[in-house]
Amino acid sequence: MKNSLFKRAIATAAAVPLALTQCLTYANAVSTDTIQVPAAVQADSEALTLEKLLYIPVDQTVSKWNQTATNSLALVEAKEGTIDLTPYVDDIVAKSGEFDEVVNRILTKYVIPNGITYEITGSNDIIIKGKVTSPVQYDKWRNGPGAALKKVGDKYGVPGIIDRTYFNDVDCGGDVTITIKASALADGTTVPFSFEFKTAEGSYGLGQLPEWAKTKVADIEKIGEAALRKEVSPDKADAAVADYKAEMKKLTDKLDKATKNINDALAKSDAQTFGNLSEGIAYVNSYLAGKGVDRKIPESGAAIAANEIVAKAYDNGIKKIAPNGEIAITAAELGGFADSVKDINATLSSGVLTGLGTFEDAEKDAVIAYYADGSKGFTVKDSYKKITATVDYSGVKTVDTGSVDVQIERVLVTETTTTTTTTSTTTTTTTTTTDTDTTTTSTDTTTTTDTTTTTSTDTTTTTTTTAPIVVTSVIRKYAEVDVDPAFYLNIEEKFDQTQVSNILVHTFYDKTTTKDGVDTVEKNLEEIELLSSTDVSYGDATPANTYKKDNTTFKYEIPVLIKGESLTDADGNAITATVYIGVKGDATLNSDVDAVDASQVLRYYALTQTGQDAKTVQLSSSPLVDGPTSIYDEFAAFLCDVHQPAETRYVKKDARTLDAIDASKILSFYAMRQSSDNDGKTDAQLWDEINK
């Protein structure tokens, strides 16, 4: 994404503070994970390493890194300080493309002299502050407002006009505050973060900066226009102003493109599976190239870590917050770990990106040994770890930008405990012996007979060794989930897993352990399992086979299966997903598509183009719609946004682009459906032809 002048300035001002933030959250906050050593040793005499960051005790399956993070942040020595952007200027400017002169001047003249500070509060929140000063005059920086005025002034015989034009009345300055609310780690794994650019007019989130900057460009343009009309000869003034407006439009066009890219990022929905991080990055780079973005993400985690700006900022940040070497985690190690994660499932929906992957369990051998005696009712033959990371940037167009959540779990691959019987055979032999002596003399003979009797007896002895037998009886099972209503087209072939999120399955059970003939009974035990949207399914139900034309409300409740099982909520109610299924292009919500639908879209477009807020304009004439904010008007907007993929099901009406193109395509569909030549084609086939 190519940023505008002002957005680039703010992003540049925040670049190193954000890098410092990464240092704190990765290398310090996400640190020794419930290590079984005295707390003082963790920070005072033993450096934090990546191994400790990923450690989970052998008798546990869920990481408690957030609790250790709270303790670690409290031990950071440098609680406040300043950040010098000077070492990063050349690197940042080199990556600024056509805005290199603008970025260099804003950094060196309007950002760095004001200073940037960081603070770790008593509650462990991390606050980074910077300031951007408003220029009074604009130099002739390439692709800046000054260059536009100079170019036109030179053309129309008033060289040096930029040097005589002042912009005191246009305040482009403000204070930047980035807050990472690490205090939340005391109670959970989700860390909210915010970005505020506070100006004289109000406060803006990161995603609002292009629109804010557009208002400032308009103010700058008025002053430039006035200067041209004052200095250019009257017969050429109109032409000069027209040329100047054309030059300034190049800036506003870039701002409009930035806004569109932000809106696209918030509207995009996708679900992909990758073998590793490099495959995921390749997919994203391919997507960006398809959108005309001429930048690429480095091809791997190691390459990202080796990036000059990232590596330099990380190293300097670590030295600043942990000057005594308390943190021994390098950027290269973090990049290597990211590359080791495999079997990645990534989902993106309405500004929420979730990635789930697996990596090797460093404690696997110890885990297998821990469960080897079968006393837990099973043995373990393998284990690995699962990491789930969720980045919520859905609030990027507000000051409360979003949050980051990281969860690490151990997955046990188990075997059931069995009973072993050993049989041995013993042979016993009994021998009876009678001795006979024979003595011969001249007068008589005495004879004694030797008799030997041998008896063999086979004895079989059976020894039975029985491991503890564990029998569990499930008493009750229910789930807590968040379910968002969603819109679908009747030509879609699957429901969206991400409609169901934040899944907690509660299982209550009795456990009887039998050992040496003695039963031990434990009652009403509870197990809580945290699952993700990838564990959700809907059986055989699809939008296509669920939709019924005679359902005039378009609303359905679809049974939700969690790991293939139908569960209830805590009150015993079946868990279902609310869905609205309709016909693509149906603005009037009558399950048909005709010229009336096209005309309603065209009317809506005309009203929004004349200055009316999309939130106040009603699209559909359906009796189901009781006003412009009705969920059914939102549903109609989804159905009529025909040149966008169906995955935009969660986008709000006022964020959609419903225009004459949609109306034209709806009219084309109606005409094609009326033709007998298309009798054998499905609606999906016709829409595919129209949208080619």
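One line per residue, one yes/no per condition, for (1) surrounded by fewer than 18 Cβ atoms within 10 Å (Cβ to Cβ); (2) under 17 Å from the mean Cα position of the chain (by Cα); (3) part of a loop (DSSP other than H, G, I, E, B); (4) acidic (Asp, Glu):
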position	(1), (2), (3), (4)
ILE329	no, no, yes, no
PHE337	no, no, no, no
ILE344	no, yes, no, no
LEU356	no, yes, no, no
ALA362	yes, no, yes, no
ALA366	yes, no, no, no
ALA369	yes, no, no, no
Next on the checklist: I'm told HIS643 meets every condition in (1) under 25 Å from SER501 (Cα atoms); (2) surrounded by fewer than 19 Cβ atoms within 10 Å (Cβ to Cβ) except one. Can you identify the failing condition by its number?
Outcome noted: (1)
Checklist entry - Which residues, taken from the range 563-586, are hydrophobic (A, V, I, L, M, F, W, C) and either at pLDDT below 90 or surrounded by fewer than 19 Cβ atoms within 10 Å (Cβ to Cβ) (or both)? => result LEU567, ALA570, ALA574
Next on the checklist: For the list (1) within 23 Å of LYS692 (Cα to Cα); (2) modelled with pLDDT under 90, I need the number of the one condition that GLN612 fails.
Outcome noted: (1)
Checklist entry - Is it fair to say ASP270 is farther than 21 Å from GLY355 by Cβ and either acidic (Asp, Glu) or touching a helix residue (DSSP H, G or I) at 6+ places or on another chain (Cβ under 9 Å) (or both)? => result no
Checklist entry - Which one of the conditions (1) open to solvent by 10 Å² or more (accessible area, probe 1.4 Å); (2) at pLDDT 90 or above does ALA147 fail to meet, given that it meets all the rest? => result (2)
Checklist entry - Somewhere in the range 170-179, is a residue acidic (Asp, Glu) and within 26 Å of the chain's Cα centre (by Cα)? => result no
Checklist outcome for this item: GLY585 meets each of (1) in contact with a helix residue (DSSP H, G or I) (Cβ under 6 Å, 6 or more places away or on another chain); (2) assigned to a helix (DSSP H, G or I) with one exception, condition (2)
Checklist outcome for this item: Of (1) among the hydrophobic types (A, V, I, L, M, F, W, C); (2) open to solvent by less than 20 Å² (accessible area, probe 1.4 Å); (3) not in a strand (DSSP E or B), ILE558 satisfies every one except (3)
Checklist entry - Any chance the range 375-382 includes a residue that's in a strand (DSSP E or B) and crowded, with 18+ Cβ neighbours inside 10 Å? => result yes
Checklist outcome for this item: Across (1) touching a helix residue (DSSP H, G or I) at 6+ places or on another chain (Cβ under 9 Å); (2) in a helix (DSSP H, G or I), PHE197 clears everything bar (2)
Item to check | So ALA237, is it more than 41 Å from the chain's Cα centre (by Cα), surrounded by 15 or more Cβ atoms within 10 Å (Cβ to Cβ) and among the small types (Gly, Ala, Ser) | outcome: yes
Checklist entry - In the range 86-128, what residues are in contact (Cβ under 8 Å) with a residue 60 or more places away in the chain and open to solvent by 40 Å² or more (accessible area, probe 1.4 Å)? => result PRO87, LYS95, GLU98, SER123
Checklist entry - Could you list, in sequence order, the residues of the range 463-493 that are modelled with pLDDT of 90 or more and either open to solvent by 80 Å² or more (accessible area, probe 1.4 Å) or not in a strand (DSSP E or B) (or both)? => result GLU480, ASP484, PRO485, ASN490, ILE491, GLU492, GLU493
Item to check | helices (runs of 4 or more DSSP H) completely within the range 214-308 that count 3 or more residues being not hydrophobic (A, V, I, L, M, F, W, C) | outcome: 234-267, 277-290
Next on the checklist: Looking at LEU589 and the list (1) of a type in the set (A, V, I, L, M); (2) at negative phi; (3) open to solvent by less than 60 Å² (accessible area, probe 1.4 Å), which single condition is not satisfied?
Outcome noted: (2)
Next on the checklist: Quick check on my filter: what residues within the range 609-625 are among the β-branched types (Val, Ile, Thr) and touching a residue at least 24 places away in the same chain (Cβ under 8 Å)?
Outcome noted: VAL625
Checklist entry - Somewhere in the range 181-194, is a residue surrounded by fewer than 20 Cβ atoms within 10 Å (Cβ to Cβ), part of a loop (DSSP other than H, G, I, E, B) and at pLDDT below 90? => result yes
Checklist entry - ASP679 is checked against (1) in contact with a Lys or Arg (Cβ under 7 Å, 6 or more places away or on another chain); (2) more than 19 Å from PRO485 (Cα to Cα); (3) free of Cβ contacts under 8 Å to residues at least 60 places away in the same chain and fails just one. What number does that condition carry? => result (1)
Next on the checklist: Residues that are over 29 Å from GLU247 (Cβ atoms), in contact with a strand residue (DSSP E or B) (Cβ under 8 Å, 6 or more places away or on another chain) and either surrounded by fewer than 21 Cβ atoms within 10 Å (Cβ to Cβ) or of a type in the set (A, V, I, L, M, F, W, C) (or both): does the range 165-177 have at least one?
Outcome noted: yes
Checklist outcome for this item: When the range 646-663 is checked residue by residue, the ones that are under 13 Å from VAL593 (Cβ atoms) and not charged (D, E, K, R) are ALA663
Checklist entry - Among ALA302, ALA306, ALA282, which is the only one that is more than 24 Å from ARG656 (Cβ to Cβ), without any contact (Cβ under 8 Å) to a residue 24 or more places away in the chain and among the aliphatic types (A, V, I, L, M)? => result ALA282
Checklist entry - Could you say whether any residue in the range 252-271 is surrounded by fewer than 17 Cβ atoms within 10 Å (Cβ to Cβ) and in contact with a Leu (Cβ under 6 Å, 6 or more places away or on another chain)? => result yes
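The values are calculated or read from the model by the stated rules, or taken from the named source; none is laboratory data. From a predicted model like this one, the values you see are computed outputs, not experimental measurements. With ideal geometry, Cβ positions are generated from the backbone for all residues, glycine too; neighbour counts draw on all protein chains shown. Each accessible area value is taken on the protein alone, full model and side chains, heavy atoms only, with ligands, DNA and RNA left out. Shrake-Rupley method; radii C 1.70, N 1.55, O 1.52, S 1.80 Å.
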